[in-house]
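The values are calculated or read from the model by the stated rules, or taken from the named source; none is laboratory data. The model shown is predicted, which means the values in this text are computed figures rather than measured ones. Positions of Cβ are generated from backbone atoms using ideal geometry, with glycine treated the same way; all protein chains shown enter the neighbour counts. The area values use the complete protein model at the heavy-atom level, side chains included, leaving out ligands, DNA and RNA. Shrake-Rupley method; radii C 1.70, N 1.55, O 1.52, S 1.80 Å.
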Amino acid sequence: MNYFYKICRDDKATKTIHVTGTMLCENWDDATDRPLFTVDITASVSAPYSLDNNETDFAESFPTYSLITDDSDQGVIYVDARNENDAVAALEFWVEENATTLAPGTYPINDSHQLQTVSMSEGTDDSGSILYSFVGHVYEQSILSDVWFLVSGTVTVSESGVITVEGLNSNGKTVKCVLGDTSTEVKTVGAQSQSGSVLKHLENGRLVITKNGHRYNGMGVEMK
(Lines give C-alpha, C1' and ligand atoms only; values in the text may rest on other atoms or scores of the structure.)
Protein backbone atom coordinates (compact mmCIF):
# COMPACT_ATOMS: atom_id res chain seq x y z
CA MET A 1 0.00 0.00 0.00
CA ASN A 2 1.38 3.37 -1.01
CA TYR A 3 0.02 6.63 0.25
CA PHE A 4 0.61 10.33 0.13
CA TYR A 5 -0.90 12.72 2.60
CA LYS A 6 -0.66 16.28 3.84
CA ILE A 7 -1.55 17.43 7.35
CA CYS A 8 -2.62 20.99 7.99
CA ARG A 9 -3.24 22.29 11.51
CA ASP A 10 -5.91 24.79 10.60
CA ASP A 11 -6.52 26.39 13.97
CA LYS A 12 -3.98 26.23 16.79
CA ALA A 13 -6.49 27.61 19.28
CA THR A 14 -8.98 24.77 18.78
CA LYS A 15 -6.31 22.31 17.53
CA THR A 16 -8.26 21.38 14.43
CA ILE A 17 -6.31 19.06 12.12
CA HIS A 18 -7.07 18.67 8.43
CA VAL A 19 -5.65 15.64 6.60
CA THR A 20 -5.80 15.38 2.81
CA GLY A 21 -4.13 13.09 0.27
CA THR A 22 -4.40 9.87 -1.68
CA MET A 23 -3.95 6.21 -0.79
CA LEU A 24 -3.11 3.55 -3.38
CA CYS A 25 -3.95 -0.03 -2.36
CA GLU A 26 -3.23 -3.35 -4.02
CA ASN A 27 -5.10 -6.64 -3.78
CA TRP A 28 -2.61 -9.37 -2.85
CA ASP A 29 -4.64 -11.92 -4.82
CA ASP A 30 -4.98 -9.72 -7.91
CA ALA A 31 -2.14 -7.34 -8.76
CA THR A 32 -4.35 -5.54 -11.28
CA ASP A 33 -6.79 -4.58 -8.55
CA ARG A 34 -5.22 -1.31 -7.33
CA PRO A 35 -7.91 1.07 -6.10
CA LEU A 36 -6.93 4.67 -5.44
CA PHE A 37 -8.64 6.40 -2.55
CA THR A 38 -8.89 10.12 -1.92
CA VAL A 39 -8.54 11.05 1.75
CA ASP A 40 -10.01 14.19 3.26
CA ILE A 41 -10.44 14.12 7.04
CA THR A 42 -10.98 16.89 9.54
CA ALA A 43 -10.53 16.16 13.24
CA SER A 44 -10.40 18.23 16.39
CA VAL A 45 -8.02 17.51 19.24
CA SER A 46 -9.78 17.88 22.58
CA ALA A 47 -9.12 21.10 24.46
CA PRO A 48 -7.03 20.62 27.65
CA TYR A 49 -10.01 21.06 29.99
CA SER A 50 -12.66 19.37 27.84
CA LEU A 51 -12.98 16.50 30.36
CA ASP A 52 -13.33 18.80 33.37
CA ASN A 53 -16.60 18.34 35.28
CA ASN A 54 -18.99 21.24 34.66
CA GLU A 55 -22.06 19.95 36.50
CA THR A 56 -21.37 19.18 40.16
CA ASP A 57 -19.00 19.96 43.01
CA PHE A 58 -16.64 17.34 44.44
CA ALA A 59 -16.68 16.43 48.15
CA GLU A 60 -15.03 13.26 49.47
CA SER A 61 -13.05 11.94 52.41
CA PHE A 62 -10.12 9.55 52.08
CA PRO A 63 -9.19 7.62 55.25
CA THR A 64 -5.68 6.84 53.93
CA TYR A 65 -3.27 8.05 51.29
CA SER A 66 0.16 7.20 49.88
CA LEU A 67 3.22 9.40 49.50
CA ILE A 68 5.21 8.64 46.35
CA THR A 69 8.73 9.94 46.88
CA ASP A 70 10.63 8.69 43.81
CA ASP A 71 11.10 12.27 42.60
CA SER A 72 11.86 13.78 46.01
CA ASP A 73 15.44 14.45 44.87
CA GLN A 74 13.89 16.88 42.41
CA GLY A 75 11.75 18.52 45.08
CA VAL A 76 8.50 16.73 44.21
CA ILE A 77 6.30 14.40 46.29
CA TYR A 78 3.11 12.86 44.90
CA VAL A 79 0.06 12.04 47.00
CA ASP A 80 -2.39 9.40 45.78
CA ALA A 81 -5.61 8.31 47.49
CA ARG A 82 -8.67 6.20 46.78
CA ASN A 83 -11.69 5.53 48.97
CA GLU A 84 -14.59 3.08 49.18
CA ASN A 85 -16.66 5.28 46.84
CA ASP A 86 -14.06 4.77 44.10
CA ALA A 87 -13.11 8.42 44.38
CA VAL A 88 -9.47 9.23 43.64
CA ALA A 89 -7.17 12.14 44.42
CA ALA A 90 -3.77 12.83 42.87
CA LEU A 91 -1.72 15.79 44.09
CA GLU A 92 1.76 17.01 43.19
CA PHE A 93 3.59 18.84 46.01
CA TRP A 94 6.71 20.97 45.54
CA VAL A 95 8.93 20.45 48.57
CA GLU A 96 12.51 20.68 49.79
CA GLU A 97 14.87 18.45 47.78
CA ASN A 98 15.16 14.91 49.18
CA ALA A 99 12.21 15.45 51.53
CA THR A 100 10.29 12.25 52.31
CA THR A 101 7.44 13.84 54.26
CA LEU A 102 5.18 16.84 53.78
CA ALA A 103 5.92 19.84 55.97
CA PRO A 104 2.84 21.18 57.79
CA GLY A 105 1.42 24.37 56.33
CA THR A 106 -0.69 25.81 53.54
CA TYR A 107 0.23 25.07 49.93
CA PRO A 108 -1.34 27.35 47.27
CA ILE A 109 -2.48 25.61 44.08
CA ASN A 110 -0.75 27.33 41.15
CA ASP A 111 1.61 26.77 38.23
CA SER A 112 4.71 28.36 39.79
CA HIS A 113 6.39 25.08 40.83
CA GLN A 114 7.76 27.00 43.79
CA LEU A 115 8.58 25.53 47.20
CA GLN A 116 5.50 24.66 49.29
CA THR A 117 2.99 24.83 46.44
CA VAL A 118 0.74 22.23 44.79
CA SER A 119 0.74 21.98 41.00
CA MET A 120 -2.22 23.47 39.21
CA SER A 121 -3.50 21.04 36.58
CA GLU A 122 -3.32 22.06 32.94
CA GLY A 123 -5.88 19.39 32.07
CA THR A 124 -4.79 16.84 29.48
CA ASP A 125 -2.02 17.14 26.92
CA ASP A 126 -2.09 16.08 23.26
CA SER A 127 -1.12 12.49 24.17
CA GLY A 128 -4.04 12.14 26.59
CA SER A 129 -1.89 12.35 29.71
CA ILE A 130 -3.75 13.66 32.76
CA LEU A 131 -1.73 16.43 34.34
CA TYR A 132 -1.46 16.87 38.11
CA SER A 133 -3.27 17.82 40.28
CA PHE A 134 -6.81 16.39 40.03
CA VAL A 135 -9.60 14.43 41.73
CA GLY A 136 -12.29 12.22 40.26
CA HIS A 137 -14.08 8.88 40.25
CA VAL A 138 -13.20 5.56 38.64
CA TYR A 139 -15.21 2.43 37.94
CA GLU A 140 -14.41 -1.16 36.93
CA GLN A 141 -11.09 -0.83 38.75
CA SER A 142 -9.43 1.85 36.63
CA ILE A 143 -11.76 3.55 34.14
CA LEU A 144 -11.98 7.26 34.87
CA SER A 145 -15.65 8.25 34.86
CA ASP A 146 -15.27 11.94 35.73
CA VAL A 147 -12.54 14.35 36.74
CA TRP A 148 -12.05 17.74 38.37
CA PHE A 149 -8.80 19.47 37.40
CA LEU A 150 -7.53 21.63 40.26
CA VAL A 151 -6.67 25.11 38.96
CA SER A 152 -6.81 27.25 42.12
CA GLY A 153 -7.29 27.09 45.87
CA THR A 154 -5.21 25.75 48.74
CA VAL A 155 -4.05 22.46 50.20
CA THR A 156 -3.37 22.39 53.94
CA VAL A 157 -1.22 19.79 55.69
CA SER A 158 -1.76 19.54 59.45
CA GLU A 159 0.80 18.64 62.09
CA SER A 160 -0.70 15.14 62.20
CA GLY A 161 -0.47 14.72 58.42
CA VAL A 162 -4.12 15.27 57.53
CA ILE A 163 -4.43 16.89 54.09
CA THR A 164 -7.34 19.24 53.37
CA VAL A 165 -8.05 20.35 49.81
CA GLU A 166 -10.21 23.40 49.10
CA GLY A 167 -10.07 24.32 45.44
CA LEU A 168 -11.82 25.05 42.17
CA ASN A 169 -11.71 23.38 38.79
CA SER A 170 -11.62 25.18 35.44
CA ASN A 171 -15.42 25.43 35.41
CA GLY A 172 -15.64 27.00 38.86
CA LYS A 173 -16.86 23.79 40.54
CA THR A 174 -15.67 23.44 44.13
CA VAL A 175 -13.40 20.63 45.26
CA LYS A 176 -13.37 19.85 48.99
CA CYS A 177 -11.78 16.73 50.36
CA VAL A 178 -9.84 15.47 53.34
CA LEU A 179 -7.09 12.86 53.04
CA GLY A 180 -6.16 10.88 56.14
CA ASP A 181 -7.14 11.34 59.77
CA THR A 182 -5.36 11.55 63.09
CA SER A 183 -5.04 7.75 63.28
CA THR A 184 -3.78 7.28 59.71
CA GLU A 185 -0.46 5.57 59.13
CA VAL A 186 0.74 7.10 55.87
CA LYS A 187 2.14 4.65 53.35
CA THR A 188 5.36 5.89 51.72
CA VAL A 189 6.15 4.43 48.31
CA GLY A 190 9.50 4.54 46.60
CA ALA A 191 11.61 6.28 49.21
CA GLN A 192 14.38 3.69 48.73
CA SER A 193 13.81 2.99 45.06
CA GLN A 194 15.53 4.33 42.01
CA SER A 195 14.38 7.79 41.02
CA GLY A 196 11.78 7.80 38.25
CA SER A 197 8.88 9.90 37.05
CA VAL A 198 5.23 9.10 37.67
CA LEU A 199 2.78 9.65 34.82
CA LYS A 200 -0.97 9.14 34.70
CA HIS A 201 -2.79 8.98 31.40
CA LEU A 202 -5.90 7.63 29.72
CA GLU A 203 -5.46 4.54 27.57
CA ASN A 204 -8.60 3.27 25.84
CA GLY A 205 -10.59 5.06 28.53
CA ARG A 206 -8.66 3.49 31.40
CA LEU A 207 -6.50 5.27 33.93
CA VAL A 208 -2.92 3.98 33.57
CA ILE A 209 -0.05 4.88 35.89
CA THR A 210 3.52 4.61 34.57
CA LYS A 211 6.30 4.60 37.16
CA ASN A 212 9.94 3.48 36.84
CA GLY A 213 9.15 1.73 33.55
CA HIS A 214 6.26 -0.27 35.03
CA ARG A 215 2.57 0.19 34.22
CA TYR A 216 -0.21 0.00 36.85
CA ASN A 217 -3.98 0.34 36.76
CA GLY A 218 -5.89 2.68 39.04
CA MET A 219 -5.86 0.03 41.80
CA GLY A 220 -2.05 -0.07 41.78
CA VAL A 221 -1.95 -3.55 40.20
CA GLU A 222 0.89 -3.94 37.72
CA MET A 223 -0.24 -4.40 34.11
CA LYS A 224 1.69 -6.90 31.98
- line: Accessible-area order for Thr38, Thr16, Thr101, largest to smallest, probe 1.4 angstrom, reads Thr38, Thr101, Thr16
field: Percent accessible area from carbon and sulfur atoms, the stretch 24-177, protein chains only, probe 1.4 Å
entry: 48 percent
task: Determine, from the Cβ-Cβ distance of Glu97 and Val162 and an R0 of 22 Å, the FRET efficiency 1/(1 + (r/R0)^6), rounded to the nearest 0.05.
output: 0.35
query: Around Asn53, with a cut-off of 14 angstrom between Cβ atoms, what is the net charge of the other residues, counting Lys and Arg +1 and Asp and Glu -1?
result: -3
- line: The answer for the stretch 45-182, accessible area per residue at 1.4 Å probe in Å², is 43 Å²
Residue-span extension gain [Tyr139 to Ser112] - 0.36 nm each, minus C-alpha spacing: 6.4 nm
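Please work out how much length the chain gains when fully extended from Thr20 to Asn54, using 0.36 nm per residue of separation minus the C-alpha to C-alpha distance, in nm with one decimal. Walk me through the numbers before you get to the answer.
Numbers: separation 34, 0.36 × 34 = 12.24 nm, distance 3.50 nm.
Length difference between fully extended and current span is 8.7 nm.
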